[in-house]
1. Along its three principal axes, how long is the range 255-384 when you only count alpha carbons? Whole Å, largest extent first please.
2. In the P(r) worked out for the chain, what percent of Cα pairs fall beyond 38 Å?
3. What does the charge dipole of the chain about its Cα centre add up to, to the nearest 20 debye, if the Cβ of each Lys and Arg holds +1 and the Cβ of each Asp and Glu holds -1?
4. Put E431, E240 in order of accessible area, largest first, 1.4 Å probe: what do you get?
5. Ignoring everything but the protein chains, give the 1.4 Å probe accessible area of S513 in square angstrom, nearest 10.
6. Among H73, H278, H236, what's the order by accessible area (1.4 angstrom probe), most exposed first?
7. Mind pulling the angle between the C-alpha long axis of helix 286-295 and the longest principal axis of the chain? Nearest 10 degrees, somewhere in 0 to 90.
8. Residue farthest toward the positive end of the dipole of the range 327-419, with Cβ of Lys/Arg at +1 and Asp/Glu at -1: which of L419, V378, P398?
Amino acid sequence: MTDHVPVTEQKLPALVVRLRERFRRDVRDRLEAKAGGPARLRVIVLLAGVLGLSTADTATVGAIAGELERSLHLTNTDIGLLVTVSTAIGAIATLPVGVLTDRANRTRLLWISILTWCAAMILNGLSTSFVMLLLTRLALGAVVATATPVVASLTGDLFPPAERGRIYGYILTGELVGTGLGFLVSGDLAGLLSWRVGFWWLAVPGLVLAASIWRYLPEPARGGASRLDPGDTRIHPATEVGDQPAEDAAGERTRDEGEVEREVEEEGITPHERLVLHDDPAGRPLWWAVRYVLSIRTNLVLITASALGYFFLQGLETFAVVFLRGRFGLSQSAGSTLLVVLGLGAIVGVLVAGRVGDRLIGRRRVIGRPLVAGTAFVIAAVLFVPALLVPTLLLAAPLFFLAAAGLGGSNPPLDAARLDIMHSRLWGRAESVRTALRTGLQAIAPLLFGFVSAHFGGQGGGLGQPSGAQPHGAIGLDHTFLVMLIPLVVAGLLLLVRARLTYPRDVATAVASERSTRCHGGGR
């Protein structure tokens, strides 16, 4: 027996190791199958991580709002201002970043901005006053400014149009996972240790992500020469293939892009001749690019709808934990955990809506993506109303879950649609214009939500109290969220009524511009 025990003890760890490795291989194989290969999965994970960082900070402020209010003697308006400052800086900086996105090395922009963000998070945790905390948040706009233009440009160059809704669905889960980690981990750390640790821990995944992008994401070629086919194991950098259109052996456009072109041609849709580009727009100045992208009517609708959606989401993220704690008498940890569970609904919506939009495109429904996004906005607004009014958490939680699915589901088709209507060498600047306008409205949201809740009587009172005992703060946020649902309805109607009329011709215009610049040697 004495000889048998050591043998068993030696075999058991080896068995555990083998089972663990088997599990890892199975999970990796399934993820690669969903993404379309190891190279695609690597890109999706890294880009999702970038978006996750940009939302984790905002969620952290919301998760530790109660601790910040007590420690630094802040109000809801002060909490809103903290988010507004970093978001507003991102809105200002995103326009020059858009120019760099269309002209410079995009992956280098990403890892440099992430390192800047990590340093800012450390300084956030060292703050000893509200003024110091406010000032240190200025640098956090780096990731806000860089993330969306670069992610949009890289997604367009690495994935074919027919799959972009689905791929964007995967990438946008990063925003939701980042939000969930910000609420759950930062909230728990703030409750167990200190609100400072809630900021500090985020620098660790930030540093890992920056190093991973530097190591594993080379700058791809513009124009599709680096486009990833299913099963690819590596990314072909621009230094290998050069910037050129993605073509097959016969010199024709790729099958996926040909399908998009055939759709607008078979529908008999004519482009806006005055907007068709005949030379490469990469070298055009910023003022020209801004004027051009804003002259595309569908782009204005998509920008407005996106801005209104993110306006509501930003306010919701900032004050959701405060609302849940005050309304249902939850602890900090319970409120953060519940919000993460409800956020799974948004992930479901993101994954489903992207696929639905792509399938409608594949069935010759050119307006499929705007229709899916608009419907998702309306569903979210309709479901949020009873969720905010029902008296018990048992009834409210399923409604919040479904409403979150609608809110999250609006984004993948919207993001894919913006690439459909724009020349590829304008993707960075077009996205930066959208981000600047969206982020400007988004920056106002926390401050406005906090101000309105204060007007309704929500000065943070009632934290951790049952709604029947001291509901003062929760009632203020109830009323605030109900009023702020109006922008979601407007966003949905814009897409369902207006975009369905303008989108097909703007897609045809983008197709004609790509062809014209290609014929004139502009590339893609």
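The values are calculated or read from the model by the stated rules, or taken from the named source; none is laboratory data. None of the values given here were measured: they were computed from a predicted structure. Note that each Cβ is placed from the backbone with ideal geometry, even for glycine, and that neighbours are counted across all protein chains shown. Surface accessibility is based on the protein's heavy atoms, side chains included, excluding ligands, DNA and RNA. Shrake-Rupley method; radii C 1.70, N 1.55, O 1.52, S 1.80 Å.
1. 61, 38, 25
2. In whole percent, the share of Cα-Cα pairs in the chain beyond 38 Å is 28.
3. It comes to approximately 100 debye.
4. My answer, sorted largest first, is E240, E431.
5. Accessible area of S513: about 0 Å².
6. Most to least solvent-accessible, the answer reads H73, H278, H236.
7. Once rounded, the angle reads 90 degrees.
8. After comparing all options, I get L419.
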